[in-house]
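Step one of this worksheet: look at the structure below.
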Amino acid sequence: MLSRKGRLFLIILLLLISGSFYRFSDRLALAPQEVPAPQKEGEMRVHFLDVGQGDSILIELPNAQRMLIDGGTRSAGDSVLGYLQTLGIDTLDYLIATHPHEDHIGGLIRVVEDIPLGKVYMPKVVHTSKTFENFVEAVVGKGHKFQRARAGVVMVDDKDLRVDMLAPVGENYDNLNNYSAVVKLEYKNIGIILMGDAETDSEQEIDSARVRAQVLKAGHHGSRTSTSPGFLESVSPTYAVISCGEDNDYGHPHPETLERLDSARVSVLRTDQLGTVVLTTDGREIVFTGID
Ligand SMILES: [Zn+2]
């Protein structure tokens with residue numbers, strides 16, 4: 001088996017051969033580093049953590065605030081916490097549990113126990129799992145109140161920086177995934193949309209005037225039930241990040257999603273292939289780095 005680094009170089013080689021490298025060489029420098037470098041002034045960084053099958057996204061905003069969206073499964077909790085410590089992050093201004101599934105909130109329990117938090121967001125929906133119960137107990141036990149995650153919540157609204165939620169729009173869904181908090185980051189000219197596990201029903205409800213973004217964190221680990229053609233066209237991203245585990249039981253990302261992204265000429269970055277992927281932007285350019 002190839003190491004992560006080996007696989008990364010193999011992917012770059014394959015992209016070279018396939019002729020799509022020019023898109024990468026234009027904009028994408030994916031030089032693997034052992035540990036993330038410190039954030040520089042004026043930078044926004046978005047870390048798509050490799051938590052296996054799950055999601056965990058750490059955002060270092062240019063206003064020095066810190067946001068964590070999801071924490072992977074319970075077994076990922078220690079590594080998420082370790083990653084925060086490596087960066088010297090000992091408080092979080094915002095914690096967002098996109099929806100109550102274990103692969104999103106499980107690892108947050110350790111984070112909530114160890115790290116002082118500002119605002120904690122979660123959609124208004126409950127789940128009968130032990131993990132959900134433990135997560136709620138941990139948050140409440142630390143004296144935090146849940147803020148409701150839904151379309152229209154504005155977390156940051158500065159001159160060059162806006163962070164808000166575009167979903168959930170509705171209040172009742174059959175599928176828990178569609179309750180996912182969808183977060184939009186806008187810094188100067190750069191837009192990034194983070195979908196949680198939102199599926200087609202939610203994608204269709206989101207205000208299409210707000211979705212255009214250079215970077216799409218594809219919904220539901222690249223499942224065929226997300227990243228619907230109409231939505232993809234509205235977002236019109238240059239890059240898509242897919243957070244999923246190697247050889248996962250769900251077959252994520254599904255070939256249909258990869259085909260849609262491919263025919264839209266979107267460059268795909270997958271945590272199962274690249275490990276943790278770090279996006280750095282000054283509000284104009286985007287650079288990706290891999291953390292081995
Ligand atoms: Zn999930």
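Calculate, for the chain, the solvent-accessible area per residue in square angstrom, rolling a 1.4 angstrom probe over the heavy atoms of the protein chains.
That works out to 43 Å² per residue.
Using a 1.4 angstrom probe with every protein chain in place, what is the largest-first accessible-area order of Ser236, Ser75?
Greatest to least solvent exposure: Ser75, Ser236.
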Quiz item: Does the chain come out rounded, prolate or oblate by the C-alpha gyration tensor, with a ≥ b ≥ c the root eigenvalues, rounded set by a/c under 1.5 and, if not, prolate when a/b is larger than b/c and oblate if not?
Solution: rounded
Quiz prompt | Formal net charge of residues neighbouring Lys184 (Cβ-Cβ distance under 9 Å; K, R +1; D, E -1) | solution = 0
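Taking K and R as +1 and D and E as -1, what net charge do the other residues with C-beta under 9 Å from the C-beta of Asp70 add up to?
On the way: positive: none; negative: Asp55, Asp103.
My count for the surroundings of Asp70 gives -2.
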Quiz item: Using alpha-carbon positions, what is the distance between the centroids of the range 154-174 and the range 179-254, in Å?
Solution: 14
Practice problem: Compute the signed sum of charges (Lys and Arg +1, Asp and Glu -1) over the other residues within less than 14 Å, Cβ to Cβ, of Glu102. | Solution: -3
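Once neighbouring chains are kept in place and the probe is 1.4 Å, which whole percent of the accessible area of the chain is contributed by carbon and sulfur?
Values: 6080 of 12500 Å².
Of the solvent-accessible surface of the chain, carbon and sulfur hold 49 percent.
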Practice problem: List the residues whose amide H sits under 5 Å from the amide H of Tyr121, counting only those 5 or more places along or on another chain, with H placed 1.01 Å from N in the peptide plane. | Solution: Leu95, Ile96, Ala97, Gln147
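Across the chain, how many lysine pairs, 8 or more apart or on two chains, come within less than 13 Å at their alpha-carbon atoms?
Working: Lys119/Lys142; Lys119/Lys145; Lys124/Lys145; Lys159/Lys188; Lys184/Lys217.
Final tally of qualifying lysine pairs is 5.
The values are calculated or read from the model by the stated rules, or taken from the named source; none is laboratory data. What you are looking at is a predicted structure, and each value in this text was computed from that prediction instead of being measured. We place every Cβ from the backbone using ideal geometry, glycine too, and count neighbours over all the protein chains shown. Remember, those area values only see protein heavy atoms, side chains included, never the ligands or the DNA or RNA. Shrake-Rupley method; radii C 1.70, N 1.55, O 1.52, S 1.80 Å.
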